[in-house]
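Visitor: Encoded as structure tokens, here's the structure I'll be asking about.
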Amino acid sequence: MEKIPGWVEKIFTPKVNELIGEVKALNTKVDSLRNETKSELASLRNEMLARFEAVDARFVAMDSRFDSLEARIPVMEKIAEFELRLADCVAF
């Protein structure tokens, strides 16, 4: 490898060192943005999970109400039959 002439080195070395500094600064900014993004995504994920859990709780409550109504249906049918029989008996 040939030696770089001194005048070329004097001209380009400061610029190369400046570019190296700028690249390091960019790397620092990219790392910072990456960390911020990770933090924001984690926060968003936690918020979404909390909301899904709230919706799930509502579905569980609705399911419970439907189960209660389903249990009442046979009783309501028997009451309706009884009322019909009672109406028939009163009609006589």
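Every read-out reported here was derived from the displayed coordinates using simple, explicitly stated rules and does not represent laboratory data. Since this is a predicted model, take the numbers as computed values, not measurements. Ideal geometry is used to build each Cβ from the backbone, glycine not excepted, and the neighbour counts take in all protein chains shown.
Visitor: Checking the cross-link filter: which aspartates and glutamates have an alpha carbon closer than 16 Å to that of Lys78, excluding same-chain neighbours under 8 positions apart?
Guide: Glu70, Asp88
Visitor: Tabulate in residue order the Karplus-calculated ³J(HN,Hα) for segment 11-23, using 6.51 cos²θ - 1.76 cosθ + 1.60 with θ = phi - 60°, rounded to whole Hz; enter x for Gly and Pro.
Guide: After applying 6.51 cos²θ - 1.76 cosθ + 1.60, I find 7, 8, 4, x, 5, 4, 5, 5, 5, 4, x, 5, 5 Hz.
Visitor: Please report Rg (one decimal) and Dmax (integer) in Å for the Cα set of the chain.
Guide: Rg then Dmax for the chain, in Å: 38.9, 126.
Visitor: How many nm is it between the label spots at Arg34 and Ile73, if each spot is 7 Å from the Cα in line with the beta carbon?
Guide: According to this spin-label approximation, the distance is 5.8 nm.
Visitor: Using Cα positions and a limit of under 27 Å, work out the lysines in reach of Lys29, with same-chain residues fewer than 8 apart set aside.
Guide: Result set, ordered by chain and number: Lys15, Lys38.
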